[in-house]
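Inspection log for the structure reproduced underneath, given as structure tokens.
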Amino acid sequence: MSTAIYIFIFGLIVGSFLNVVIYRLPEGQSIIKPPSHCPQCKTKLKTFDLIPVLSYLAAGGKCRYCGSKISFQYPFVELLTGFFFSFTYLKFGISVELFIMLLLISALIVISYIDYKYMIIPNYITYPGIVIGFLSAIIFNYISIFDSLLGIFIPSLLLLLIAFIFKGGMGMGDVKLAAMLGSFLGFEMTLAGIFVGSLLGSVIGLTLMGFGVLDRKSRIPFGPFICIGTVIIIFFGDVLFDWYLSLFFWLITG
Ligand SMILES: [Zn+2]
């Protein structure tokens with residue numbers, strides 16, 4: 001159990017790095033220079049200001065130097081990463097898969113936020129992601145090379161087809177995201193993740209339309225839903241699959 005707490009703290013620290021990536025990469029800024037500073041008053045932050053979550057709480061969600069409000073995104077991404085990291089540890093234990101999944105989940109958090117904010121899924125994450133996923137399959141053999149290859153091509157071709165048939169909605173970023181997920185997870189888990197994500201996206205989209213928050217012309221980014229669906233499959237795929245099988249047998253033997 002204590003390991004889970006260390007991994008949680010590690011996740012908080014990684015999360016604060018993911019915040020920097022989310023804020024700086026879409027604007028074309030370096031993630032190393034300049035050092036962390038307040039976006040309003042530009043004051044360079046000290047170590048005391050950079051402690052995940054605690055600095056935010058201690059300063060009451062404001063910059064300690066100029067008093068301007070700090071986005072809730074910072075502690076939220078840190079906590080989210082912390083919780084996901086500890087869940088991943090509880091699921092996989094200390095294993096090769098744990099480190100691969102931590103890497104993948106970090107990428108999914110960044111992609112979801114950037115797609116949500118800017119409506120793009122950056123190539124500089126998906127392209128290296130495809131390569132890293134495929135190399136991990138070759139080196140660590142936690143899924144077969146063949147499965148990883150099928151994963152790169154099948155789900156992405158499917159989304160490409162859908163993008164062509166129903167113009168708009170889905171973009172090339174989603175296609176590349178599917179290829180990246182497939183390289184890490186193989187084609188079955190990736191298709192399952194996309195399926196769960198689409199279901200979730202439709203339900204939430206229709207609900208928001210029902211409440212008049214969105215109209216038919218609003219564009220909802222699909223990327224975050226693919227990412228959420230995939231995370232659900234990573235954590236609960238085996239349970240969902242068992243339910244599905246028992247439902248299937250119940251129906252045919254019924
Ligand atoms: Zn400030």
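The rows are residues; the columns are (1) open to solvent by 70 Å² or more (accessible area, probe 1.4 Å); (2) within 16 Å of the ligand (Cβ to nearest atom).
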| site | (1), (2) |
| --- | --- |
| ILE9 | yes, no |
| SER16 | no, no |
| LYS33 | yes, no |
| CYS38 | no, yes |
| CYS41 | no, yes |
| LEU45 | no, yes |
| ASP49 | no, yes |
Which numbered condition PHE87 fails, given (1) closer than 27 Å to PHE134 by Cα; (2) within 16 Å of the ligand (Cβ to nearest atom); (3) not small (Gly, Ala, Ser)
(2)
Give, as residue ranges, the helices (runs of 4 or more DSSP H) completely inside the range 2-94 that count at least 3 residues that are small (Gly, Ala, Ser).
2-24
So which of VAL53, VAL21 is surrounded by 13 or more Cβ atoms within 10 Å (Cβ to Cβ) and either within 15 Å of the ligand (Cβ to nearest atom) or farther than 16 Å from GLY82 by Cβ (or both)?
VAL21
Just checking, how many residues over the range 60-78 are more than 10 Å from the ligand (Cβ to nearest atom) and open to solvent by less than 30 Å² (accessible area, probe 1.4 Å)?
5
Candidates LEU158, LEU57, filtered to the one that is touching a residue at least 12 places away in the same chain (Cβ under 8 Å) and outside the structural domain of LEU191 (by TED's automatic domain parsing)
LEU57
Residue pairs, Cβ under 8 Å, 6 or more apart or interchain, first in the range 226-250 and farther than 16 Å from PRO155 by Cβ, second open to solvent by 60 Å² or more (accessible area, probe 1.4 Å). List them.
PHE235/PHE87; PHE235/LYS91
Would a scan of the range 204-224 turn up a residue that is under 22 Å from PHE241 (Cβ atoms) and either modelled with pLDDT under 95 or crowded, with 18+ Cβ neighbours inside 10 Å (or both)?
no
So LEU245, is it open to solvent by less than 70 Å² (accessible area, probe 1.4 Å), assigned to a helix (DSSP H, G or I) and at pLDDT below 90:
yes
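The values are calculated or read from the model by the stated rules, or taken from the named source; none is laboratory data. Keep in mind that what you see is a predicted model, and the values were worked out from it rather than measured. When we count neighbours, we look across all protein chains shown, and the Cβ atoms used for this are built from the backbone with ideal geometry, even at glycine. Only protein heavy atoms, including side chains, enter the accessible area calculation; ligands, DNA and RNA are left aside. Shrake-Rupley method; radii C 1.70, N 1.55, O 1.52, S 1.80 Å.
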